[in-house]
Amino acid sequence: MPVEIIPAILAKDEKELRRKVESVEGSCQTVQIDVMDGKFVDNSTWADPERFRKMPLPMPYEAHLMVEDPLERLDAWSLAGCQRVLIHAESVEDLAEALRVAKSYGMEAGISINPETPVADIEAAIAEADVVQVMGVHPGWMGQAFQEGAVEKVAELREKFPDLVIEVDGGVAVGVARRLADAGADRLVAGSAVFNSGAPAKSLDALRADVEFEE
Ligand code: DX5
């Protein structure tokens, strides 16, 4: 299965979000919507599920819930047609239960872990997860330097959970992408590497070329 490259949409308003989505339409299967509440992370983004319900996106998307109250938001995101939610292990008491509740709304449910969160903290909940997202940066901003520990964390997850879908978000760029794919990542989420280049479709092609396995 080729590694999927997922553009990260971090937007301050609806205009920016729609512009970014349009710029990658037809060049990717899925986009990730960065949902930041200014409390769980020290930045906030525009991402109103009600507007997504009224004006759906032209491709499937996952909501990366960088918020203090992910459980309160599941209903709205499922009504909006969100395919998958990523819940931060650091934002809920009972992670396995949070994943079960998210799936009860008909969405896929994934775990996201910050750089400082060890794999051990989520092992008990992984059976309930459709995907585990390893953060390559501390969440909140685009363009931060990749934290190397994410490579080892991907390798640890792959070794312990051979069938797990592993995603990485934060600091993904050409070169880093290759190392993450070699360590066992299935999906790579990229923000600045895609949107700061001025040619998002070309940047996506460059990332896909970087992770292509020689036959
Ligand atoms: C954390 C967000 C990431 C970020 C990725 O800040 O969850 O999706 O936008 O941006 P890059 O790829 O530039 O690190």
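Could you please let me know if GLU22 is out of contact with any Gly (no Cβ under 9 Å at 6 or more places or on another chain) and either under 27 Å from GLU159 (Cα atoms) or not in a helix (DSSP H, G or I) (or both)? The answer is no for GLU22. Among residues of segment 179-203 being open to solvent by less than 50 Å² (accessible area, probe 1.4 Å) and more than 16 Å from VAL24 (Cα to Cα), the one that is farthest from the ligand (Cβ to nearest atom) is GLY184. The condition (being within 14 Å of the ligand (Cβ to nearest atom) and either open to solvent by 20 Å² or more (accessible area, probe 1.4 Å) or in a loop (DSSP other than H, G, I, E, B) (or both)) is satisfied by just one residue among VAL85, VAL137: VAL137. One residue is enough: does segment 93-108 have a residue meeting the conditions of a type outside the set (A, V, I, L, M) and open to solvent by less than 30 Å² (accessible area, probe 1.4 Å)? Within segment 93-108, none of the residues are of a type outside the set (A, V, I, L, M) and open to solvent by less than 30 Å² (accessible area, probe 1.4 Å).
Scanning segment 42-68 for residues being under 22 Å from ASN114 (Cβ atoms) and more than 13 Å from the ligand (Cβ to nearest atom) gives a total of 1. For segment 140-157, the candidate set comprises residues that are assigned to a helix (DSSP H, G or I) and more than 23 Å from VAL85 (Cβ to Cβ); within that set, the residue that is most open to solvent (accessible area, probe 1.4 Å) is GLU152.
The residues of segment 21-36 that are over 18 Å from GLY140 (Cα atoms) and not hydrophobic (A, V, I, L, M, F, W, C), listed by number, are GLU22, SER23, GLU25, GLY26, SER27, GLN29, THR30.
Here's the yes/no breakdown for (1) modelled with pLDDT of 95 or more; (2) touching a helix residue (DSSP H, G or I) at 6+ places or on another chain (Cβ under 8 Å); (3) at negative phi; (4) not small (Gly, Ala, Ser):
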| site | (1), (2), (3), (4) |
| --- | --- |
| GLY136 | yes, yes, yes, no |
| ARG158 | yes, yes, yes, yes |
| ALA173 | yes, yes, yes, no |
| ALA209 | yes, no, yes, no |
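The values are calculated or read from the model by the stated rules, or taken from the named source; none is laboratory data. Since the structure is predicted, the reported quantities are computational estimates derived from the model, not experimental observations. Note: ideal-geometry Cβ built from the backbone for every residue, glycine included; neighbour counts use all protein chains shown. Heads up: the accessible areas ignore ligands, DNA and RNA and are worked out on the full protein's heavy atoms, side chains in. Shrake-Rupley method; radii C 1.70, N 1.55, O 1.52, S 1.80 Å.
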